[in-house]
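The block underneath contains the structure these notes are about, expressed in structure tokens.
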Amino acid sequence: MAGKTANTPRRPVFGRVYPAMARALDRAGMSARRRELLAGLSGHVLEVGAGDGATFACYPPGVERVLAIEPEPRLRALAAAAAAAARRGRHGRGGVRAGAVLSARAGHGAG
Ligand SMILES: C[S@@+](CC[C@H](N)C(=O)[O-])C[C@H]1O[C@@H](n2cnc3c(N)ncnc32)[C@H](O)[C@@H]1O
């Protein structure tokens, strides 16, 4: 398939469906649950499987840096945007102060 190599894991259906599903779950209470789960964290965090970056706005103020890994390209792009928004402090509470969203595999970083 054009543009697809062994190093570019794509799950395009999941990548398109997951953000809407995550927003619906957040509205149903997942967002509060995320904050509850992350409340005790501080320092540097490695988030494996960041999806569209829904957790970035939920990190408590003690979290100084988040390094996030997301292999699905569409979700990774959304996560990069979410990280930038969280860095700009658009989310009132918590949010990452600095971060990077990287592919799970070398050579596919997305800033
Ligand atoms: C259920 S989503 C959770 C997303 C996010 N952490 C959240 O709470 O909304 C799991 C994510 O893990 C990613 N993933 C799957 N296999 C992975 C792997 N081997 N390494 C890193 N991430 C992976 C998927 O692409 C997906 O975006």
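Values quoted throughout were computed directly from the atomic coordinates according to the rules given, and no laboratory measurement underlies them. From a predicted model like this one, the values you see are computed outputs, not experimental measurements. Because the Cβ atoms are built from the backbone with ideal geometry, glycine has one as well, and the counts that use them run over all protein chains shown.
I'd like to compare 60-66, 28-34: which one has the highest average count of other Cβ atoms within 10 Å, and what's the full order after that?
60-66, 28-34
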Q) Near ARG76, within a Cβ-to-Cβ distance under 10 Å, what is the net charge of the other residues, with Lys and Arg +1 and Asp and Glu -1? A) -2
